[in-house]
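Data block below; observations after.
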Amino acid sequence: MSRAVAIVGSGPSGCYLAQALLKAAPDLRVDLIDRLPVPYGLVRYGVAADHQGTKGVIRQFERVFERQGAGFVGNVTIGEDVSLDALREAYDAVVLAAGLSADRTLGIAGEDLQGVHRAGQLTRALYEHPDAAPLPELGSRVVIMGNGNVAIDILRLLAKTPEELAGSDLGAAPSDWLTRSGIEEIEIVGRSPASAAKFDPVMIKELVKLEGINIRVLGADRSDDPEAAKKLAALEAINGHGCGARRITFRFGLTPIELSGPDDHLKEARFLDGQGNTVILPCSAFITAIGFGAEVGLPRDLLIGEAVDREAGVLAPGLYATGWFRRGPQGTIPDNRADAQRLASHILADFEGAAALPEKPGRQAFPDWAGAVGYHGWKRIDVAEISNAPENRCRAKIASRDAMLALALQKEEVSQ
Amino acid sequence: MNIMLLYGTETGNAEMLAEDIMSELEGDHEVECRNLSDFSPDEFDAGRLHMIICSSYGDGELPASAQPFAEALKTAAPDLKGIHFGIFGLGDREYEETFGFGSGTLAELLIAHGAVQVGERITHDASGSDMAEDVAFPWASQIVTLAEEKIGEVA
């Protein structure tokens, strides 16, 4: 018996799930459906352009398609091209692994001013996501609000010299944008004390390699907790580092209360410290990096709220969720691997328990998908991107959806 | 030769490499491949070559699947005299300071309990241009040759 599984989202959670399912049950028919014409989601558009080692998991995911027989169905949006109900009708199991890509907002006055930007929007533009808005002018004084790894990624990329981006896959336009940025000062502000910051210590330590900056750390607290102590030690190690022109300042324990400026243009950010004092940081750009929520399209809140067993990832009979979509925006790629492996066992056990039910048709129920982008179509994009990489870059991403589709659908053969 | 191929992994890259090495070796040798999380220190066998693939994670820490094994080794403190192992690391030179620490930690731990390391410990760089298997296959065949002399019996 060969059950059909549709995984919505081909990022790390979806790929790890397909890997685990097909390892245990090689006969399953597994399709990874993505709204983009290209796979790998966060690994392509969220992992920083200068963290190519982290992107090495793509080699595993390639095998999911090339050796384990999973299908890629790109450029198909659930809720637009196909309804979730239709998908559930056609597949024995549907798994939502769409991640969380919408930026959370602070909910304070002034967030709609010119000069206020959101981390997800900004990184999508930097990493040339086809739906990204153009890169904004940041001006000379940037404040980054947030202390997670995404905030540190943005800090590091804004702080790097052009030479320090060698070997990355940062595109020509974003690279040029960074070179011309004119940033003199970056302040990175955490609402929590330093001991409770969310970044990984290694992300902080990495900053000492940067040559164009000088770093100061203000107001770090103390803690005996071993995990907190590692973070504090990393901050202490970078405090005072460097004599480059760009000043980097870490600040902690500041609650943002208002963004303001004349004529709808940001001029300053106002915070309260732990003692109730107002702290004002003048800035030309304010970037919020405070976590992610669900995109419109899939009714995540409703589905998660009514889940049969949220912890196990069972939303309803035959409908599952994994990764950030299930848990919320916490945890790294390996956490999502573990999550996906647990869910794979659960799904296989459910199949076993329902062995009497007839098989469902899977992708054969969707003849329209002949026009979707398959894995071979993606490989044409991949090959073109790698062969067009300029010197000092490992890839030249194709940024427009039309250009991707033109290449991918050139001679697409429908693979079943 | 009888080979126990063990991997310590966090993202699955070391697991994939171990599977590749197994395919490479199993035509000529008897190979069993296992996650370190499913291997107990009392399963070491003096008649076998233990080939270990281990990544580093975070700030040079052991990957998740190697941690219970390392803990068990520290707690049980077995005498590993006569046990032969070779070890290959996966690392990322973006994090130069702790490059290859995971495999290094594991090697030191095994040696401290009396095991003998065969050949050199090499660490593949995920930020480099070489594929892991292109570095690991020649390493593996060299380790096997060295171990055949040392273990002195070809299965």
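From the list A:Asp92, A:Asp81, which residue is more than 21 Å from the chain's Cα centre (by Cα), modelled with pLDDT under 95 and surrounded by 16 or more Cβ atoms within 10 Å (Cβ to Cβ)?
None of the other options fit; the residue is A:Asp81.
Taking the criterion of being open to solvent by 10 Å² or more (accessible area, probe 1.4 Å), under 30 Å from A:Ala166 (Cβ atoms) and within 14 Å of chain A (Cβ to nearest Cβ), would at least one residue in segment B:31-51 satisfy it?
No, the conditions are met nowhere in segment B:31-51.
If you take just the helices (runs of 4 or more DSSP H) that sit entirely in segment A:21-105, which of them hold at least 2 residues that are charged (D, E, K, R)?
Those helices (runs of 4 or more DSSP H) span A:58-66, A:84-90.
So for segment A:134-144 (the condition being open to solvent by 10 Å² or more (accessible area, probe 1.4 Å), touching a His at 6+ places or on another chain (Cβ under 7 Å), at pLDDT 95 or above and over 16 Å from A:Arg251 (Cβ atoms)), does at least one residue qualify?
yes
Going through segment A:32-44 one residue at a time, which ones are surrounded by fewer than 24 Cβ atoms within 10 Å (Cβ to Cβ) and either away from chain B (no Cβ under 14 Å) or polar (S, T, N, Q) (or both)?
A:Arg35, A:Leu36, A:Arg44
When you check A:Glu187 against the structure, is it more than 14 Å from chain B (Cβ to nearest Cβ) and either hydrophobic (A, V, I, L, M, F, W, C) or open to solvent by 60 Å² or more (accessible area, probe 1.4 Å) (or both), yes or no?
no
For (1) crowded, with 16+ Cβ neighbours inside 10 Å; (2) of a type in the set (A, V, I, L, M, F, W, C), each residue gets a yes or a no:
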site	(1), (2)
A:Asp221	no, no
A:Asp224	no, no
A:Ala234	yes, yes
A:Cys243	no, yes
A:Gly253	yes, no
A:Gln275	no, no
A:Thr278	no, no
A:Ile304	yes, yes
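Does B:Ala112 satisfy the criteria of being at pLDDT 95 or above, among the small types (Gly, Ala, Ser) and either in contact with a Lys or Arg (Cβ under 7 Å, 6 or more places away or on another chain) or open to solvent by less than 30 Å² (accessible area, probe 1.4 Å) (or both)?
Here the answer is no, as B:Ala112 does not meet what is asked.
Kindly check whether there is at least one residue in segment B:12-28 that is within 14 Å of chain A (Cβ to nearest Cβ) and not in a helix (DSSP H, G or I).
Yes, because at least one residue in segment B:12-28 is within 14 Å of chain A (Cβ to nearest Cβ) and not in a helix (DSSP H, G or I).
Okay, residues lined up against (1) part of a loop (DSSP other than H, G, I, E, B); (2) more than 14 Å from chain B (Cβ to nearest Cβ); (3) surrounded by 17 or more Cβ atoms within 10 Å (Cβ to Cβ); (4) in contact with a Phe, Trp or Tyr (Cβ under 8 Å, 6 or more places away or on another chain):
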{"position": "A:Ala173", "(1), (2), (3), (4)": "no, yes, no, no"}
{"position": "A:Ser181", "(1), (2), (3), (4)": "yes, yes, yes, no"}
{"position": "A:Ser192", "(1), (2), (3), (4)": "yes, yes, no, yes"}
{"position": "A:Met203", "(1), (2), (3), (4)": "no, no, yes, no"}
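The values are calculated or read from the model by the stated rules, or taken from the named source; none is laboratory data. Computed from a predicted model, the values in this text were never measured in an experiment. Neighbour counts are summed over all protein chains in view; Cβ atoms, including those assigned to glycine, are modelled from backbone coordinates with ideal geometry. Accessible surface areas use protein heavy atoms only, side chains included; no ligands, DNA or RNA. Shrake-Rupley method; radii C 1.70, N 1.55, O 1.52, S 1.80 Å.
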